[in-house]
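Structure, as structure tokens:
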Amino acid sequence: MAAGRSRALDSLLQQKSISSSGSLALKAQFVWPATCAALIVACAVFWFAARGGAIGPQDWVWHASDGLGRPWTLWSSALVHHLPPHGIGNVLALAALAVLGHTLAATPNDAAALLLAWPLSALALFLWPQVTGFHGLSGVVHAAVAIVAMRAAADPAMRWLGQFLALGLLFKLALEHGWAAPVGYHSDWGFNVVYAAHLTGALAGFLFAGLFWLFSSGGKGAPPS
């Protein structure tokens, strides 16, 4: 009798453990799209707040002349867009990456990598004296592309997609050559584009995605390629 009760209790605990693990796994699947969605919502809030006069956009834009005197602009500058097409283009790109990342089972580590790449992509702009200011989500978008590429490359069945995304991103960066020409006028947008932010965003995305892979795997197994 006692043995039967013990087996029944073990079975119940095992079922609860499986249910709990499944619930956690389900929640983890939505961390990446939720992070991307939060960034999109924040962009929308900044846009409407600026349009309504509640905030002055220049107070939230990163300026090299400020040094680190306004550290919050390392984050807030990515959320500021002066022209609707600029903001809409970045938001749509990030929304597509949110869906793609979710489809590829992007992990909470991927979301953490994006959040870390966000301020670093702006901080690294100090490397170019020609860059006097920056705003827009493009650095974060390029970081997200790099992270999604790494996530796809980690799955043998989707490695081709990861390689395609990574090579496409590297090809775009090579065409822009932001390391040599960090700022350039873009006739389609009608304003100067900080190409260096695309470069720093992509490199930060690759960096943090790689570091999270290294620490989570303990250095075992082949890295995404």
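Just so you know, all these numbers are worked out from the coordinates, no wet-lab data involved. Since we're looking at a predicted model, the values are computed, not measured. Every residue, glycine as well, gets a Cβ built from its backbone with ideal geometry; the counts of neighbours run over all protein chains shown.
What is the mean projected area of the alpha carbon convex hull for the stretch 87-193, to one decimal in square nanometres?
That works out to 7.1 nm², a quarter of the Cα hull's surface.
So how far apart, in nm, are the two label points at F164 and V41 if each is 7 Å from Cα heading toward Cβ?
3.2 nm
Answer with one residue from G178, A202, T132: the one whose Cα lies farthest towards the positive end of the charge dipole of the stretch 66-225, charges on Cβ with Lys, Arg +1 and Asp, Glu -1.
A202
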